Amino acid sequence: MGLCESARGRWWQGHAGVFRAGVGALLLGLSLAQSGPPQTACPAAAAPQSLTQPHYLDTAGEDASAGSMTAVVRSFLHTVQPKPFPKDLILKIVKEAEQEQVDQEVIKEILVYEVGFLVCAAIGVLYIVLMPLVGFFLACCRCCGNCGGKMYQKQTSSIHCCRRTLYWSAFVTTIVILAGNICMFISNNDFKASVDQGPGELNKTIDNIHKFLTVVPQQVQHVVDESYKTIQEVTRNLDAIGAQLGTEIQERFRGTLDPALHSVRLLDQEVVNISVDLNKLNSSLAQLQSSMDRLQANVTAVKNHINQTLSEPNCISCDSLKPELDNLTLDTSTSIPSLNELQSAVDEVIKGDLKSKIKEVEDYFNSIPQRVTNETKDLVQNSKQLLDDIKSQISQITNDIPLSALSNASATLNQAQKEISKVTPEVERAEHIRWGVCVALCCVVLLVVVCNLLGLILGPVGLTPKADPTKRSCTADCGGTFLMMGAGFSFLFSWLFMIVVLVLFLLGGNVYTLICQPWSSGELLKLIDTPGLIPGLEKGLNFGLKTNINISDIYRDCEENQPLWTTLHLYELINLEDLLNVSKYTDQIEQLFEDTDVTLSTITLLSPEDKHQLSNFSAKADFDSSAATQQMNAIFSINLNTTADKLDELANIQTNTDIKKELQNEARDLRQIQADIETTIFPQVENLNSSIKSLRSAAEKINGTVGEVLSNVGAAQDFLNTNTTQIVQTESRRFVDCQLGYFIAYADWANLTITQQVGRCGPVAGAVDTVDIILCSNMVQSLNAFWFSLGWCIIFFIPSIIFSIKLAKYYRRMKYSDVYDDHIIMNHIPRPQMKIT
């Protein structure tokens, strides 16, 4: 084996773009027309680990006050305040407050806007003023014997109908008050539950925001860490460039070399087989020749002895047998002349040592990875330095994204949690006091209801309709007394309750119409977005941005759980494409590959002398075995028994006993020689024939095998001479494209992750919604339901008082009687003895 012309392989001819993915994919798909198998695909790098979104705590996400009273209260407040949210008026008020001056027009607008509440407040004040006055005058009037103060009841035909009418009117009114009282208890407990749950929900909300603020830097760092993995992957590939690139070059050669080497191995094996068959044949020939020489000696000895016997004068008719003796001459030659030429050709091929040539070729191609490694040491070292520069550039992402603001916000949230923890005990104590006061109010209303119900129960139970009013039972009298007590309690507490209703109405109603309702509709956030309303807000939200963003936009995006990249318009602040564009470094890596040469010389598979030997061997492999066949046929035709039979016939006619005995002995010797031929020489001849056939069969394959070897080796040699340089170029280009493809995949993943995954701000909108639910949906709605229920009760105190006072006289025991009998009224009231109770 020798080396022929040296081919210089260029690593990458021409300058290709770094991130031209389409062209790169096309180049990776191309293969040389001369190569057998298609080019293998670039091995996929480990996929970057996707971001794991944090698990946030569940907060108040349901309207806890969505009961029957909520719709009624809201309908009432919408009737009281049908005007839209006064955004312009609030802005004027804020402006007046900043200028520390009062504009009468602004005050007038406020009063006009609040006219509904003012009317209701006026009604409440009128109630507060009139209710105790009416009660006072009524008490005085009854003390003077008027307004039903006399213990006398006039008996008429419709008295029972009036009593029933008053009874059911008082009963219905009491039930209405009881329903309002039940709503008071429920709304009071709802408010307490809202206050009790408020700190916990706020803490969970703050924990979610804190987790969100903590996770965002971690997610950004995760993106950077994944770039380190990509760089490590490329670094490992560069360290293993010999194994990877060299192996790929080997694979491109194997498609053509394997058939050639396989055919040479097959030829070598066939040469070995022929050599073995030749040795067997020569051994068989030598053995047969030895046997034939021994046969010839035995036959000659017997023939000479027979001649002596036939020459005896007393031998009768012996001359007739002499021609037969002439036929006893045997041809013992067993040589095959063409075997010498075949043996010589086989020896020459064996001396050429095809195995060593195959091993040299395999060793040469197995050394390709090490050659690539040795000649790319400087390239790998310089490329690693550029990879370090890429790593530093991508690390700038953590510096360019403003994460410090998140840390400041996280510290503020921690302080807020501490403040909530400090205030919570005070809030709980205040809420306990409030709850006790409201329960007392509910109990007072319940006291009025209980008095009315006792009166409505005891009155009818103890009443005998036809009994004299002065003789009514104690039970009926107690019922009337309870009705009077309910009316008295109503007069006594209703105006005080109205003060509570008025204060809570003005507070809760305005909070709902000015905060909760516009908060739910989004108008409150639009108000906050008004430039200049909150100093520093606009500047804080638009730090270096080209377009303005506001709270409404942020809340809307966070409701959809959008990432911070789009929510805060970070694309206007950060050039992500530039941060992830490492082309200036990858261009240098490409240039390094382009400037690096690898010497990969072609190899001569078979020299011209080797090919000549194989051609000569193929020509001499077709030996002539016809002479050997004739010789073997001649051996098989030997039959000494015929001559022995004739000797026996001749012996039978002899008169001389000695001659007769000699002839018989000589016939016996011939038969023994024939038996020896059949038992010894014939098997040897058959064995020789089998060896000849085996050799002929192996020799017949030689021509085809040698032709296949010369054809395959020639094609492989032409392929190596023509395509070695191009294979090195193609595989080098594929290797570089593969490494750069890792950066393309990472850049696409990082871009997608930062713009669509990092910092999904759903917890921010969730925090706003939680505050809305705690404050408005729970606390404000429960508060409004309480004052509405209380107002409902005290409004119905008025008919309750009227019906109770009028109905009480039908059950109380009168001091004076009035008898109604047959339409004749008999009055037994002594005028001078009138007494008022």
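The values are calculated or read from the model by the stated rules, or taken from the named source; none is laboratory data. Just so it is clear, the structure is predicted and the values come from calculations on it, not from any experiment. Positions of Cβ are generated from backbone atoms using ideal geometry, with glycine treated the same way; all protein chains shown enter the neighbour counts. Surface accessibility is based on the protein's heavy atoms, side chains included, excluding ligands, DNA and RNA. Shrake-Rupley method; radii C 1.70, N 1.55, O 1.52, S 1.80 Å.
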Item checked: Condition broken by Val736, with the remaining ones in (1) farther than 30 Å from Ser490 by Cβ; (2) among the β-branched types (Val, Ile, Thr); (3) open to solvent by 20 Å² or more (accessible area, probe 1.4 Å) satisfied -> (3)
Next item on the list: Kindly provide the set of residues from segment 802-812 that are open to solvent by 10 Å² or more (accessible area, probe 1.4 Å) and either part of a helix (DSSP H, G or I) or touching a Ser or Thr at 6+ places or on another chain (Cβ under 9 Å) (or both), ordered by number.
Entry: Ile802, Phe803, Ile805, Lys806, Arg812
Notebook entry, point to check: Where in segment 592-653 are the helices (runs of 4 or more DSSP H), entirely inside, with at least 2 residues that are at pLDDT below 70 and surrounded by 13 or more Cβ atoms within 10 Å (Cβ to Cβ)?
Noted result: 608-620, 626-636
Notebook entry, point to check: Counting just the residues of segment 368-401 that are of a type in the set (Gly, Ala, Ser) and surrounded by 13 or more Cβ atoms within 10 Å (Cβ to Cβ), which one comes out farthest from Thr235 (Cα to Cα)?
Noted result: Ser395
Next item on the list: Kindly list, by first and then second residue, each pair from a residue in segment 765-776 that is farther than 18 Å from Tyr512 by Cβ and in contact (Cβ under 8 Å) with a residue 60 or more places away in the chain to a residue that is of a type in the set (Phe, Trp, Tyr) and in a helix (DSSP H, G or I), limited to pairs with Cβ atoms under 7 Å and residues at least 6 apart or on different chains.
Entry: Ala765/Tyr555
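When you go through Phe743, Phe719 one by one, which is the residue that is in a helix (DSSP H, G or I), surrounded by fewer than 24 Cβ atoms within 10 Å (Cβ to Cβ), at pLDDT below 80 and among the hydrophobic types (A, V, I, L, M, F, W, C)?
After applying the criteria, what remains is Phe719.
Here's the yes/no breakdown for (1) modelled with pLDDT of 80 or more; (2) in contact with a His (Cβ under 7 Å, 6 or more places away or on another chain); (3) hydroxyl-bearing (Ser, Thr, Tyr); (4) in a helix (DSSP H, G or I):
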site: Thr205; (1), (2), (3), (4): yes, no, yes, yes
site: Lys211; (1), (2), (3), (4): yes, no, no, yes
site: Val220; (1), (2), (3), (4): yes, no, no, yes
site: Glu226; (1), (2), (3), (4): yes, no, no, yes
site: Gln244; (1), (2), (3), (4): no, no, no, yes
site: Arg254; (1), (2), (3), (4): no, no, no, yes
site: Ala260; (1), (2), (3), (4): no, no, no, yes
site: Asp268; (1), (2), (3), (4): no, no, no, yes
site: Ser283; (1), (2), (3), (4): no, no, yes, yes
Notebook entry, point to check: Considering segment 421-445 alone, what residues qualify as being touching a helix residue (DSSP H, G or I) at 6+ places or on another chain (Cβ under 7 Å) and open to solvent by 60 Å² or more (accessible area, probe 1.4 Å)?
Noted result: Trp435
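Kindly provide the set of residues from segment 700-713 that are closer than 19 Å to Phe365 by Cα and either of a type in the set (Lys, Arg) or open to solvent by 20 Å² or more (accessible area, probe 1.4 Å) (or both), ordered by number. Give the steps one after another, and end with the answer.
Within segment 700-713, the subset closer than 19 Å to Phe365 by Cα is 712-713.
Within segment 700-713, just Asn712 meets the criteria.
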Margin query: Looking only at segment 754-775, count every residue that is within 11 Å of Gln562 (Cα to Cα) and part of a helix (DSSP H, G or I) and tell me the total.
Written below: 6
Checklist line | Positions within segment 770-813 being over 60 Å from the mean Cα position of the chain (by Cα), aliphatic (A, V, I, L, M) and modelled with pLDDT of 90 or more, in sequence order | finding: Ile794, Ile795, Ile798, Ile801, Ile802
Check: Within segment 470-479, how many residues turn out to be at pLDDT below 85 and in contact with a helix residue (DSSP H, G or I) (Cβ under 9 Å, 6 or more places away or on another chain)?
Finding: 4
